[in-house]
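Here the structure is laid out as structure tokens; the discussion comes afterwards.
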Amino acid sequence: MQSYKNLFLIGTSHIAKESIKEVEDVISKEKPEIVALELDKVRFEGLMNKETGKIQFKHIKEIGFKGFIFAKFGQYVSKKLGKYVGVSPGSEMVKAAEIAKKNNCRIALIDQRIDITLKNFSREITWREKFRFAFDSVINIFKKEKIQVDLNKVPDKEIIVKLLKIVKDRYPNFYKVLVDDRNKFMAKKLFILMQNYEKIVAVVGAGHEDEILEEIKKLEYAN
């Protein structure tokens, strides 16, 4: 967890039991006015109602073919990994919402709409990056880099930085759409919340924290 002024920023793994306990402990201890989640309305309602897999062929026209394939692939991998460790993907977000309600905290959804992200993915991801991803999948680039991750825990910061560097170097547009653009979007939302509430706890995926804080500081300087 990182803190900056009146913001407590928790970086989580969406399938780690460790993350579920951390969000429960921090929210219960800090009792913030606002609990901010790295979710949009559609994903939040899907998690709380245990409804997943809603992206269908009919959505291709709206989000693009590449966005559709990426979303379905992401769902498949998340479910497989979640089943492996015995934790449903997004359980830490559900727990954060439950503890927020228990402590009478308001909930803020700070992520960009998923359809916008997927539409941008379809528009900006190049064929070169797609072929590179297919090639890397075959040779298993992460194994080549000798990166080992314990799925039951949030990866160490050193590992996260290394993984993000690989993604940024080999798939720059992928990184821009799925990481950089969303970090800027969430930072703006959090910056506004920080001006209006005394204490905020934000729950985001591990790896987003540093860039979000950098963007918040830029917004403070600009204002």
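Readers should treat all values here as calculations from the given coordinates under stated rules, not as data from a laboratory. Remember, it's a predicted structure, so these values are computed and weren't measured experimentally. Counting neighbours? That spans all protein chains shown, and the Cβs are built from the backbone with ideal geometry, glycine included.
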- [ ] Output the number of residues of the stretch 195-214 satisfying the condition of being buried (at least 20 other Cβ atoms within 10 Å of the Cβ) and of a type outside the set (Gly, Ala, Ser).
- [x] 7
Open item on the list: Considering only residues that are part of a loop (DSSP other than H, G, I, E, B), within 20 Å of Asn183 (Cβ to Cβ) and of a type in the set (S, T, N, Q), which ones fall in the stretch 102-123?
Closed with: Gln112
Task: Enumeration of residues in the stretch 164-221 that are closer than 28 Å to Phe133 by Cβ, part of a helix (DSSP H, G or I) and in contact with a strand residue (DSSP E or B) (Cβ under 6 Å, 6 or more places away or on another chain) - done: Glu209
- [ ] Among residues belonging to the stretch 1-47 that are without any contact (Cβ under 8 Å) to a residue 12 or more places away in the chain and among the acidic types (Asp, Glu), point out the one that is farthest from Ile159 (Cα to Cα).
- [x] Glu45
